[in-house]
Amino acid sequence: MKILVAGANGNTGFRLVRLLAGAGLDTRAMIRDPAQAGRMEGAGAEPFTADLEGDVAPAVAGCGAVMFAAGGGRGSGPEKKETVDHMGAVRLIEAAEAAGARRFVLLSSIRVDYPASWPEHLQAYLVAKKKADRRLLASDLGYTIVRPGRLTDEPGSGRVAAARSDAAGRSHEGRGGEIPRDDVAAVMAACLDFGNTRRTIIDLLAGEVSIPEALAAI
């Protein structure tokens, strides 16, 4: 099965590319800048140039799974959050539906239901992520929405605290904390191996349980 990673050159996305390709999985790395192709090839992935603000259907063609780890980028304004974090995800979801992909793993945030609890400049990001979540929840795809706490660049431990969000898709109010990007990428990759993570939302923080054990208990 070919796996598409959107946001492949990002901080979390590239970690995901390295994990998937390093495990010998057929990985397609979606990039916006062709100059990033060499970095993807060096990680063992197939680079594919496409823009989340444009036509993404060619990038999805032939893929059985899609991983969305993209974002408008640090310092971008509300408009970019809308066009990338929301509508970019929607375009990819719709392309995955049309292509017959079986799995879609979306990187979201544990605070999407509580934007007021974050600084004002981050609230547009949370609103956009929530809208992307809703579109995926309404799809027929075998989705997993991963909602981590604040992302850090600390080395991953391979141990997490994972909890299923409630039936209405709401994250746990008041739940906060951090998690290394390494561990978020590892959880996203591992979701492909756990059928019980299909059509689920997972709140994710740093913890004491190994990733396989935590996902098995979801």
**Asked** How high is the relative contact order of the range 1-125, in percent, counting Cα pairs under 8 Å that sit 6 or more residues apart?
**Response** 25
**Message:** Leaving out ligands and nucleic acids, and using a 1.4 Å probe, what accessible area per residue does the chain come to in Å²?
**Reply:** 43
**Request:** Note down the nm distance, to one decimal, between modelled labels 7 Å out along Cα→Cβ at ASP193 and at ALA23.
**Result:** 0.5
**Percentage relative contact order, the range 19-73, counting C-alpha pairs under 8 Å, at least six apart** = 28
**Asked** Say the dipole of the chain comes from +1 at the beta carbon of Lys and Arg and -1 at that of Asp and Glu; which of PRO115, ALA206, TYR125 then lies farthest toward its positive end?
**Response** PRO115
**Request:** Please report, in whole Å, how far the alpha carbons of the range 1-71 spread along each principal axis, starting with the longest.
**Result:** 30, 25, 18
**Prompt:** Longest span of the chain, sites excluded, free of GluC sites (Glu not before Pro) in DSSP loop with at most 14 other C-beta atoms within 10 Å?
**Reply:** 54-172
**Asked** Given the pairs LYS2/LYS129; LYS80/LYS131; LYS2/LYS131; LYS2/LYS80; LYS81/LYS131, which are separated by over 22 angstrom at their Cα positions?
**Response** LYS2/LYS129; LYS2/LYS131; LYS2/LYS80
**Message:** If you take semi-axes √(5λ) of the Cα gyration tensor in Å from the coordinates, which of (i) 23, 20, 17; (ii) 32, 20, 18; (iii) 37, 25, 13 do you get?
**Reply:** (i)
**Complete:** Carbon and sulfur atoms account, in whole percent of the 1.4 Å probe accessible area of the range 47-128, for 54
**Asked** How many nm is it between the label spots at THR152 and GLU178, if each spot is 7 Å from the Cα in line with the beta carbon?
**Response** 0.3
**Request:** Please express the shape of the range 48-165 as an equivalent ellipsoid: the semi-axes are the square roots of 5 times the eigenvalues of the C-alpha gyration tensor, given largest first in whole angstrom.
**Result:** 23, 18, 14
**Prompt:** Restricting to the chain, what percent of DSSP beta bridges are antiparallel, rounded to 5?
**Reply:** 20
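The values are calculated or read from the model by the stated rules, or taken from the named source; none is laboratory data. No experiment lies behind these values; they were computed from the predicted model shown. Every residue, glycine as well, gets a Cβ built from its backbone with ideal geometry; the counts of neighbours run over all protein chains shown. Surface accessibility is based on the protein's heavy atoms, side chains included, excluding ligands, DNA and RNA. Shrake-Rupley method; radii C 1.70, N 1.55, O 1.52, S 1.80 Å.
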